[in-house]
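Bear in mind these aren't lab numbers, they're just calculated from the coordinates by the rules spelled out. Because the structure is predicted, anything quoted here is derived from the model rather than measured. Note that we place each Cβ from the backbone using ideal geometry, even for glycine, and neighbour counts take in every protein chain shown.
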Amino acid sequence: MLALNYRGPSRLRVSQKPEPSIEHPNDAIVRVTRACICGSDLHLYHGLVPDTRVGMTFGHEFTGIVEEVGRTVSSLKPGDSVLVPFNVFCGTCFFCQRELYGNCHDTNPYATALGGAFGYSATAGNYDGGQAEYVRVPLADVGPTKLPPDMDLDDAVLLTDALPTGYQAAEMAGIKEGDTVVVFGAGPIGIFAAKSAWLMGAGRVIVVDGVDYRLEFVRRYAKVETVNFHEIDDITVHLKKLCDGLGPDACIDAVGAEADGSWFHRITGVFLKIQAGAPTALQWAINSVRKGGTISIVGVYGPTLNMVPIGNAMNKGLTLRMNQASVKRHLPKLIEHIQAGRIDPKQIITHRVPLEEAAEAYHIFSNKLDGCIKTILIPPSLQH
Ligand SMILES: NC(=O)c1ccc[n+]([C@@H]2O[C@H](COP(=O)([O-])OP(=O)(O)OC[C@H]3O[C@@H](n4cnc5c(N)ncnc54)[C@H](O)[C@@H]3O)[C@@H](O)[C@H]2O)c1
Ligand SMILES: [Zn+2]
Ligand SMILES: [Zn+2]
């Protein structure tokens, strides 16, 4: 089958790989119908995620048709159309019982802090992902969700990560009626966090990024105010001024380890790797939020950062919440929001690219060329 094949930092190839097969009685083999590229894939692509092994197929956001199931699978049958949450989770461990599916304790033999995820290096369990024609889906009775009959595939694939993650970011921000929320990052996650902040009762939503076309998009799509940090001398002072001199009630970090905006963080965190990424957006969030406010972090970081102003967070009495998203927990509510027309996820898709051209698609997304916000890879069988 055709599959994305990681050859080393910034080197991807689409090549033939053996088709996956059932390895465990609760596996399913899924024929991929849509696979997205995510901001998280860029961390892999840029060589920032430890133990990303040559030969791995990325892709944790995919939909597909069930092709084959193992003998114990009872909830799916061949022919079912499914969306597959990015988390690989068991559904029964201590954490899954508490719906912390992103923190499953039983699906990642390589690390204790992190649950399993498709296509996300050995650090996340070494599961091959969906940027391929076929993918093996373990725990097939737990993760995959059958598509509601009227669900558009483009909407469905955005339910595997981007929309639930943005939604959880807003949820963790603890928004109360009328609150002012600042979202750092106008990528797919920040865009959906901003949209979700309104659904949760925010009175004012401001999105910060450094890329104009993304700010333009989020202004239109989520009806928010925007700030381009490149045009501002001191972003934390600016945000405080915008919010009665006190600062916003909550800040969301939807940027993560590869933030721009501080040459010092980029050199230490991205190029020299002496800290686990550039914590610039997180620093801005902590310093701008009002005292007693909440910080919600969904941007991905490596394990150890040493430049986070944790003393400021302590003295300001902040609540810090963060996590990998637990996708499945949010699906019922988000499906309802989509069906009621309160949110139209597929509008963020700017690029549809044949799977064969995935390497170029990564280049375009990574360099923010061509107005790119979200790319879907289409496998050969569905290209017309
Ligand atoms: N917690 C989870 O479960 C989860 C799930 C999906 C993605 N993520 C993470 O969320 C983050 C965003 O993902 P995405 O797909 O939207 O990525 P993306 O790369 O498309 O978007 C990131 C945006 O942040 C902007 N940015 C850079 N520096 C900034 C700064 N200092 N202040 C404000 N904006 C800045 C960039 O210009 C870009 O538009 C990534 O770190 C990704 O790994 C987390
Ligand atoms: Zn993702
Ligand atoms: Zn579990």
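With label points built 7 Å along Cα→Cβ from the Cα atoms of H363 and N306, find their separation and express it in nm.
3.7
Run through the DSSP bridge list for the chain and note the antiparallel percent, rounded to the nearest 5. Before the final figure, lay out each step's value.
On the way: 29 of 57 bridges.
Of the beta bridges lying entirely in the chain, close to 50 percent run antiparallel.
Efficiency by 1/(1 + (r/R0)^6): what FRET value for T112 and M322, r their Cβ-Cβ distance, R0 = 22 Å, to the nearest 0.05?
Details: r = 17 Å, r/R0 = 0.77.
Computed FRET efficiency for T112 and M322 comes out at 0.85.
Starting from the Cα of N228, step 7 Å along the direction of its Cβ; do the same at Q97; then give the gap between the two resulting points in nm.
5.3
If Lys and Arg each add +1 and Asp and Glu each add -1, what is the summed charge of the other residues whose beta carbon sits under 15 Å from the beta carbon of R290?
+3
Which residue fluctuates the most in the chain, going by a Gaussian network model with Cα springs under 10 Å, if the choices are T145, T72, T180?
Looking only at T145, T72, T180, the largest GNM fluctuation is found for T72.
Considering only G174, G256, G64, give the residue with the highest GNM mean-square fluctuation for the chain, with springs between Cα atoms whenever their separation is below 10 Å.
G174
Tell me which trypsin sites (Lys or Arg not before Pro) from segment 30-66 have a DSSP coil assignment and no more than 16 other beta carbons within 10 Å of their own.
Details: sites: R31, R34, R53; in loops: R53.
Here the sparse-neighbourhood loop sites are R53.
Can you tell me the dipole magnitude for the chain around its Cα centre, using point charges on the Cβ only (Lys, Arg +1; Asp, Glu -1), in Debye to the nearest 20?
Working: 35 positive and 40 negative charges, 122 e Å.
In total the dipole reaches around 580 debye.
Across the chain, where is the longest run that never hits GluC sites (Glu not before Pro) in a DSSP loop with at most 16 other C-beta atoms within 10 Å?
Working: sites that count: E23, E99, E177.
Excluding the exposed sites themselves, the longest stretch runs over 178-384.
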